[in-house]
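Please treat every number below as a calculation from the coordinates, not as lab data. Source: prediction; values computed, not measured.
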Amino acid sequence: MKLDELQIKKQLRIAYESHKNKKFQTAEKLYKEILKSNKNHIEVNFNLGTLYSQLKKFDLALPLLMKAKELNPNNINIDLNIGNLFLSRGDLENSLKYFEKIIQIQPNFVLAHFNIGIIFNNQKKHLDAIRCFEKVIEIDPNNIDAYNVLGIILQEVGDFKKSLFYLKKS
């Protein structure tokens, strides 16, 4: 049965509430029903892709998130979810591309800088990682996680005095 716009809005609201309340099967069913009526619904592609990512069903999530991106190419939330999906799969290079695109669109997006720092640290590019976490702290001086990770990285590279400074702030 094809849904009209009013039915889609109502079903989307219920699906979103179910998703938010971790009733994933209900949300999934409702999102899929909406997509049968409108396969180009940006929000449903995004939300169902996000739901699948949360359930670690990355192979189901990626095409939906890519469809949402195709429909809305400069949406940083879509880029963030795709970047996080690739990061969860261990695909650091693809993940990095999406986080860097976010920074091109919104240069002070803290989470993108933080995630790039994580990627650089995983790649043992410690100086690049340090710069990323310093940028996070510059943008958000109350980001305790950035102080903590920066302190740990500085300890790894042997800068114990600076490491202690940042770890005390975390």
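How long, wide and thick is the chain, going by the Cα atoms along their three principal axes, in whole angstroms, largest first?
For the chain, the Cα extents along the three principal axes come out at 66, 28, 25 Å.
Would you mind computing Rg(Cα) / (2.2 N^0.38 Å) for segment 48-134, counting N as its residues?
1.07
Which value in deg cm²/dmol, rounded to the nearest 500, describes the helix-derived mean residue ellipticity at 222 nm for the chain, given -39,500 (n - 2.57) per DSSP H run of n ≥ 4 and division by the residue count?
Numbers: 10 runs with 134 residues, N = 170.
So the helix-based figure for the chain works out to -25000 deg cm²/dmol.
Determine the shape class of segment 1-81: with a ≥ b ≥ c the square roots of the Cα gyration tensor eigenvalues, call it rounded for a/c under 1.5, and otherwise prolate if a/b is greater than b/c, oblate otherwise. Mind dumping the intermediate values first?
Details: a/c = 1.76, a/b = 1.21, b/c = 1.45.
Oblate is the answer for segment 1-81, as a/c is 1.5 or above yet b/c matches or exceeds a/b.
Counting each pair of different Cα atoms once, what's the Kirkwood radius of segment 1-40 in Å, rounded to one decimal? Walk me through the numbers on the way to the answer.
On the way: mean 1/r = 0.1012 Å⁻¹.
Computed over Cα pairs of segment 1-40, the Kirkwood hydrodynamic radius comes out at 9.9 Å.
To the nearest 10 degrees, how steeply does helix 144-156 sit against the main Cα axis of the chain, on a 0 to 90 scale?
50 degrees
What ³J(HN,Hα) values, in whole Hz, does the Karplus curve 6.51 cos²θ - 1.76 cosθ + 1.60 give for segment 93-98 when θ = phi - 60°, with x put for Gly and Pro?
Along segment 93-98, the couplings run 5, 5, 4, 4, 4, 6 Hz.
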